[in-house]
1. Please report, in debye to the nearest 20, how large the charge dipole of the range A:144-213 is about its Cα centre when each Lys and Arg carries +1 at its beta carbon and each Asp and Glu carries -1 there.
2. Please give the direction-averaged projected area of the C-alpha convex hull for the protein assembly as shown, in square nanometres with one decimal.
3. How do B:Tyr95, A:Tyr233 rank when sorted from fewest to most other Cβ atoms within 10 Å of their own Cβ?
4. Pick from A:Val45, A:Val167, A:Val144: which is most flexible by mean-square fluctuation in a GNM of chain A where alpha carbon atoms under 10 Å apart are linked?
5. For the range B:90-164, take every pair of Cα atoms, bin their distances at 10 Å starting from 0, and report each bin as a whole percent.
6. Given charges of +1 on the Cβ of Lys and Arg and -1 on the Cβ of Asp and Glu, with all other atoms neutral, how large is the dipole of the protein assembly as shown about its Cα centre, in debye to the nearest 20?
7. With +1 on each Lys and Arg Cβ and -1 on each Asp and Glu Cβ, how big is the dipole of the range A:41-165 about its Cα centre, in debye rounded to the nearest 20?
8. Working from Cα positions, state the angle (0 to 90°, nearest 10) between the long axis of helix A:100-125 and the longest principal axis of chain A.
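Any read-out appearing in this document is the output of simple, stated calculations on the displayed coordinates, not a laboratory observation. Every value quoted in this text rests on a predicted model; they were computed, and no experiment measured them. Positions of Cβ are generated from backbone atoms using ideal geometry, with glycine treated the same way; all protein chains shown enter the neighbour counts.
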Amino acid sequence: MVTLWTNTDRLFFKINPSFKFLISVSLFVVYLVVHNLNSMIWATVLFIVLFLLVNGFSGRFSFWIVLLTLIVSMFSAGAMILFGQGTHVLFHWYLIEITEEGLARGILIGLRTFIFSIIGMIMASTTLPVPFFYSLMQQLKVPVRYAYGCLAAFRMLPMMSEEFVHVRQAMVVRGMTRKKGVRALYDRTKRYALTMLAQSIRRAQRTAVAMEAKRFSMTETRTYYYEIGWSRYDLYFLALILCTVAFGFLLSNWMPLTPFTNVIDN
Amino acid sequence: MKKSKNSKLNLTDILVTIVVALVFGLVFRVLEPVYNVLQPLGLHLDALLYGIWFIAGPFAALLIRKPGVALLAEVAASMAEVLFGGSGGIINFYYGIVQGLFSEAIFAAWRYQKFTITVSVLSGVAAALGSFIIDLFYGYLADLAGWNLTLSIIFRLIGGALLGGAFSDVLVKALEKMGVTNLVRPVTKDDYDVLKK
């Protein structure tokens, strides 16, 4: 596996992975019901700070990743910014009609996507796959065969990407990449998918038979090589997240930056 | 023999489903830049490509033909996206669950007896409908200009039917010719009839 993690000794690596996952998932619900642009802006600022403080990447890498994600998130709001309904028209050109309300809504959606990406990345950049799946089995009682299935599948990823490169090289040698048009694109996609799928399914089936022979799917009276438990770091984490969320809402009350407190009805 | 008739998922089914989901997950990640470039045009051309996000569910169901496989495949594919840090982050997980449930429901409606191209196209369309439920809350769809919203819905349903449903049927048919599907499907009555001859 590619190691992106520079330092796995930081605070967020020590949190119980299931707990981290559940908190991240529930933060989604919190920001789904926020319709106040000010709260969203402040939450964005605070989560960027949090990400830069706790993530497991190197400093420069995490800066670029924040910037790129912000740009991509704003793309996702394109339709709402260009064609959103509203009464205060800012700009009009053929079908494009940018309104104040549409713009505010678009920015809110963009920032929301961005916050979810950042939360996802805080999770992804500080969680190692093995403890994550062990924790799922031990804390969330995910059936053993699902968790070990996932782990085995993750170990096959490098092989898959290697195969992907091989297929591409084979196509280049045979001149298939030079063909243009929709038909060629369809043929190429089908070829990629079929070769990769056939190889992967055969390999997965072989591995699963071997794993069952070694009683990987046994459920009763089983022991684990890694015991994932709870620690005081989980409390620190909870406090940190609660503070971030609470401060986001408080700051938007103290220092509202825009007049859009509810983007749905105005 | 008795065990393979069982419709409960065993380790082989689970591992194959997850691996299939990961293969599509790789495709998702490769396609994501294309998708992101199409988005800011605002004309929802990206929605045509959206269908490829639904393919894992119908494909896995056609391949393994057991209850629960479509849901597992969609959730696994979305989990992979979260763990690889794909754009959208944690929201992909919710999309995965809803789309998986919707495309599973179509196969369940035929009681897991019928695995034709019609059912798989319907399953792709169902996943597209499911994705709109989240979008309704998430993207304030109702506040878009009318023609724009219609365009988005039509494109996404076409994408779901063609890329999610029909394409997965094409792929599975091809895999049948290659003999790969025999490895993973439960034994059917036809197989026993062959033995009797």
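1. For the range A:144-213, the charge dipole is close to 460 debye.
2. Mean shadow area of the hull around the Cα atoms is 25.1 nm².
3. Lowest to highest Cβ neighbour count: A:Tyr233, B:Tyr95.
4. A:Val167
5. Pairs per bin, as whole percents: 20, 46, 28, 7, 0.
6. Dipole of the protein assembly as shown, to the nearest 20 debye: 2240 debye.
7. Roughly 480 debye for the range A:41-165.
8. The angle comes out near 30 degrees.
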